[in-house]
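Where a number appears in this text, it was derived from the coordinates with a stated rule and is not lab data. All of these numbers come straight from a predicted model, not from anything done at the bench. Cβ placement follows ideal geometry from the backbone for every residue including glycine, while neighbour counts extend to all protein chains displayed.
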Amino acid sequence: MRVRIVFGVLTVMATLAASAKAADNAPDPATQREFGAKLLVCNACHGNNGVPRSAAIPVIWGQQENYLAKQLHDFESGDRNVEVMEWMAKTLSQEEVSPAAANIAKKSWPARAASAAPSPPAPRGIAVCQACHAQNFLGAEQAEGMSTPRLAGQSYDYLVEAMRRFADGERTNNADMVMIMKAISPTDREAMARYLSSL
Ligand code: HEC
Ligand code: HEC
């Protein structure tokens, strides 16, 4: 059984590798005007310079590429249920999702203001998160081409709400995160979000 699962994964990986080789004719937003225009629409909320228009909207510039691609798929399929992003994801064709994620991941995460307050001390329990989100909370590649997202420097409002949604079972597109967040009190989640947003 296990062998069969592993074999299945390998077959998928081989297919992905084959389609990556064919990436020479993948849609390119730099040369395809319609695709380029679709990506400009994202800036209306996620910001022209990568700084989102409100604290409830996450930074996506410089986020982990595989994480971005997975979220666009999850919004499109409804596995991550957010109406505005469901429509936005549906404006992209299947072939455009990977190049869109690559394009956004290549941009620079917005710099922190020099005047920003220093980080509070690391709250208790935060070491657990580093196992998957990396020592510096910049996110990391996981097995099978998946990535955990960068958390460092994401807004407090967005982080605390994302954590609450996992805890309350409103965001279920990752079972580990649901379990982990259910086990953490709201007060501890707030302290973690405060700390992560200050990095
Ligand atoms: C009308 C505003 C709006 C537009 C336009 C928009 N987004 Fe979003 N986006 C949001 C909001 C709000 C969220 C947070 C959703 C939530 O509450 O979880 C989000 C979340 C995301 C996320 C998840 C990030 C994370 O850290 O989990 C990705 C990826 C994303 N948007 C990509 C895009 C792309 C690509 C486009 C353009 C095709 C786009 N968005 C256009 C409002 C917008
Ligand atoms: C077992 C690995 C693992 C551990 C441990 C873990 N995470 Fe995650 N986390 C993930 C994965 C994978 C995702 C992406 C889920 C998805 O596909 O949407 C994620 C997503 C998130 C998000 C959503 C980010 C966004 O942009 O929407 C937040 C916030 C988060 N984690 C915070 C934490 C915190 C805080 C801790 C520690 C208390 C933690 N995580 C521990 C694997 C982990």
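Annotations
- Residue match in segment 37-55 (condition: among the charged types (D, E, K, R) and away from ligand 1 (no atom under 12 Å from the Cβ)): no
- The criterion of at least 1 residues that are farther than 15 Å from residue 153 by Cβ, acidic (Asp, Glu) and touching a helix residue (DSSP H, G or I) at 6+ places or on another chain (Cβ under 7 Å) is met, among helices (runs of 4 or more DSSP H) falling completely within segment 18-133, by 65-77, 83-90, 94-106.
- Here the condition is being surrounded by 11 or more Cβ atoms within 10 Å (Cβ to Cβ) and within 14 Å of ligand 2 (Cβ to nearest atom); of 127, 89, it holds for 89 alone.
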